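Following: one structure in C-alpha cells, then a few remarks.
A short reminder: the numbers here are calculations on the coordinates, not readings from a lab. Everything quoted here is computed from the prediction, not taken from an experiment. Counting neighbours? That spans all protein chains shown, and the Cβs are built from the backbone with ideal geometry, glycine included.
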Amino acid sequence: MAVATRNPHLAPRHSSLATGYSEGWRSFRIATWLGWQIESNWADPFLFAIYSIIKPLSGAAILVVMYGIIAKGNFSNPLFPYIYLGNAFYIYAGSMMTGVSWAVIDDREHYKTLKYMYIAPIRIPVYLLGRGVARFITGSFSVIITVLGGVLFLHLPFDVTTANWPLFFISLFIGVIMLAMMGLLLGSVSLLLVHHVGFIGDAVAGALYIFSGAIFPLDVLPAWLRPIGFIMPITYWLELVRRSLIGNVAQAFPTLSGFSNGQLLGILVGLSLLFGIVSIIAFRYCDRIARERGLIDRTSNY
Amino acid sequence: MSSHSSLAQHPGKVSGWRLFLKTVLARAYPRVIGQQREKSWMFFDIVLPLGGVIAYVLVYKAIGAPAEYVGFVVMGGAMTAFWMNVLWSMSSQLYWEKEQGNLALYIMSPNSMMAVLLGMALGGMVATLLRAIAIVLLGSLMFQVQYIVTSFFQLLAVFTLAMAALYGMGMMTASLFLLLSREAWHLSNLAQEPIYLATGFYFPIKSLPFWVALGASIIPLTLGMDAMRQLVFPSGFKIGFLSVGVEISVLMALCVAFLVGAKLLLAHMEKLAIREGRLTESRR
C-alpha cells in the first residue's frame, strides 16, 4: 500500500499492460476459433477440404491451360514458373484481405453481432485480424497443394534441397502480416460502407493481382501504370518468395533484377511497416466515425 | 363513399395469364430499376470482371499469344457478368429471400413461383446486359479488339438461346437452393473458377479434351461462347468445338430441357421444402 502511494502509476500501468496483452491474445484466439467455425462447419471436413482446394486449383488450371495453348505445352520457359508461383502465393493475398475485411460485413449485416463485439471486453482490430486466420489456414492448404501439383505434374523447377528456406520463411512471415494489415485497412473502410461492398476485399485483391506482377512481369504493364506496382509491398513479397523457391529462374526477369535479396527484404519491411501504420490510423479514424454516425449496428442488406 | 365501396368490391383483380405476366414484370422491375439506382453495384459488376479481363489479357500478352486471344478474353469477361448474375441473383436468390423472410411471402401470395423466377431471370438478364455491353466496349477499346461478324442473324440466335438456356438453368437450380441454407453461399462461391475453367471463359473450349468439353456443354455458356467466337472473330472457325449450326441446335434443346426442368423441379422442391419445414429456417 505504501509502495502504491509513493508510486501510484507503477502497479496500475503494469496491470494495464498485462490486461491489454491478455485481452488482445484472448480476442485473437477466440476470433480465430470463431472464424474457423464459420468458415468450416457448414460441411463435413472432407467436403470442406475439397471445397477449399478446388477453387484455387481451378484458378491455377485456367492459367496453365492458357499458357499451354500458346506455348504448345512447353513448360520449361522461365515465364511459366513465374506465373504459376506468383498465382499460387497470391492466394494468400485474396484470402487474408478478404478474410479480415469481410468479418466486418459478416458480423454487422449477416450475424448482426458486431455491436455485441464492440461492448465485449475484446480488442476489435485484434478480433478482426483473428477472424482472418481461418482464411490463412485454408489459403495455406491451397498454396501447398497448388505448388505440389505444379512440381508433380507440370515440372515446376523447384528443388527442396536448393531452395533458400530461411529467406522463404522470413518473407512469408512478413508477407502474411503485411496482408493482414492491408485486410484491416479494408475492414476499417468497410465500417463506413454498406453491405454490398463486401466485394471490397475481392475488388482490391483483383486490382492488385494486376499491379503486383503476380502473373506477369510488371514490364508488361504500360509504363505509366508500373509505379502502382512499385509502391505495393506485395510486388516485393512475391519476388522474394519466387527467388527463395526457384532462385535463378525468378531472377531472369528484369523488373526487380537490380535488387539483391537483402534490398528487397528491406523494401518489403519498410513498406509493410508503412501499410501497418496506415492501417492502424485508418482503423482508429473509421472506428470513431462509425461510432459517431451510429454505423456499428446498421444493416443494409437490401 | 359509394365510389370507395365500389373500388373495394372491384379492386381490379387479375388472374390467369394476366396475373402471371404482371408477376413477371413486378419481379423484373426491381432487378432492372433497383440495380441501376445503386451506382456502386454497377461499378463492382463492371470493374470486377474487367479486372479479370485485364489480368488475363496481360498474361496472353506476356506469353506472346495471337491478337484474337485478347478478344476471346474480352468476350469471356463480358459473359462472366451473366454467369455471376445467374449464380448470385438467380440460383441462390431463394436462399437470400429465405434469409430475409421474403420467401414465405412469395409462397403464400396467390401467384405462380414460376412467374417470380421468370421475372427474376428477365430483369437480371436486362440489367446484366447493360453491364456486359460496358465490359465489351471498355475491353475492346482498351485492347483494340477487332470483330468481323459473319452472320448477325446467327449471332443473335446464339446469344438469345444461350441466355434463355442459361437463365432456365438458373431457375432450375434456384429450386434446388430452396432446400439449402448457409451452404448455398459456399456452393455459389465454389461455382466460379471451376466453371470459368470448364466452360472456356478465357480460352477456346476446343483446347480441353473432347469429353471434358462435351461435359461442360451442359452449361449453356460453353457452346454459346464457342459459337459467338466463331461468328465474330476472323479466325474463330479454326477454334470451334462444334459447328455453329450444331451448337444452335444443342442450345435449343438445353433451353427446353432447363425450362421444363425448372417447372417440374420447382413444384417438387417447393412441396419438399414445405413438408420438411425448410422455407422459414435460418441456419446461420
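What the table below lists for this structure:
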read-out: Spatially proximal aspartates and glutamates relative to residue A:115 (Cα-Cα < 19 Å; intrachain offsets below 8 disregarded); value: A:23, A:106, A:107, A:287, A:292, A:297
read-out: Residue A:154 paired with residue B:243, simple spin-label distance in nm, labels 7 Å along Cα-to-beta-carbon; value: 3.7
read-out: Rounded to whole Hz, the Karplus (6.51, -1.76, 1.60) HN-Hα couplings of region A:79-93, x for glycine and proline; value: 5, 5, x, 4, 5, 5, 5, x, 5, 4, 7, 5, 3, 4, 4
read-out: For residue A:219, net neighbour charge (Lys/Arg +1, Asp/Glu -1) across residues whose Cβ lies under 12 Å away; value: +2
read-out: Where a label projected 7 Å from the Cα of residue B:102 along Cα→Cβ would reach, residues of region B:10-53 with amide N under 15 Å; value: B:23-38
read-out: Dipole moment magnitude, nearest 20 debye, region B:1-158 about Cα centre, only Lys, Arg, Asp, Glu C-beta charged; value: 400
read-out: Angle between chain A longest axis and helix A:133-153 axis [Cα atoms, degrees, rounded to 10]; value: 10
read-out: Span-like helix ranges in chain B, DSSP H, alpha carbon extent 30 angstrom or more, Kyte mean at least -0.5; value: B:39-62, B:113-143, B:152-177, B:244-275
read-out: Positive dipole terminus of region A:229-302, leading residue within A:268, A:252, A:294 (C-beta point charges); value: A:294
read-out: Additional length obtainable on full extension of the chain from residue B:150 to residue B:207, 0.36 nm per residue less Cα span; value: 18.2 nm
read-out: For residues of B:187-194, the mean tally of beta carbons on other chains within 10 Å; value: 4
read-out: Centroid-to-centroid separation of region B:161-189 and region A:223-302 [C-alpha atoms, Å]; value: 37
read-out: Under 12 Å from residue B:22, Cα to Cα: aspartates and glutamates that are on another chain or at least 8 residues apart; value: none
read-out: For residues of A:46-56, the mean tally of beta carbons on other chains within 10 Å; value: 2
read-out: Interatomic Cα distance distribution for chain A, bins of 10 angstrom, percent; value: 6, 25, 31, 22, 12, 4, 1, 0, 0
read-out: All Cα pairs of region B:15-275, percent lying beyond 33 Å; value: 20
read-out: Selection from B:167, B:236, B:150 lying farthest towards where the dipole of region B:15-275 points positive, charges on Cβ; value: B:167
read-out: Residue A:30 paired with residue B:43, simple spin-label distance in nm, labels 7 Å along Cα-to-beta-carbon; value: 3.5
read-out: For chain A, built as a Gaussian network whose Cα springs stay under 10 Å, the top-fluctuating residue of A:150, A:206, A:35; value: A:206
read-out: Long pairs among A:55/A:112; A:112/B:98; B:206/B:238; A:72/B:238; A:55/B:206, criterion Cα-Cα beyond 19 Å; value: A:55/A:112; A:55/B:206
read-out: Distribution of pairwise C-alpha distances over the protein assembly as shown, 20 Å bins, in %; value: 18, 50, 26, 5, 1
read-out: FRET efficiency estimate (nearest 0.05) - Cβ-Cβ, residue A:285 to residue A:177, R0 30 angstrom; value: 0.90
read-out: Choice from A:193, A:17, A:245 showing the highest fluctuation, given a GNM over chain A with Cα pairs closer than 10 Å; value: A:17
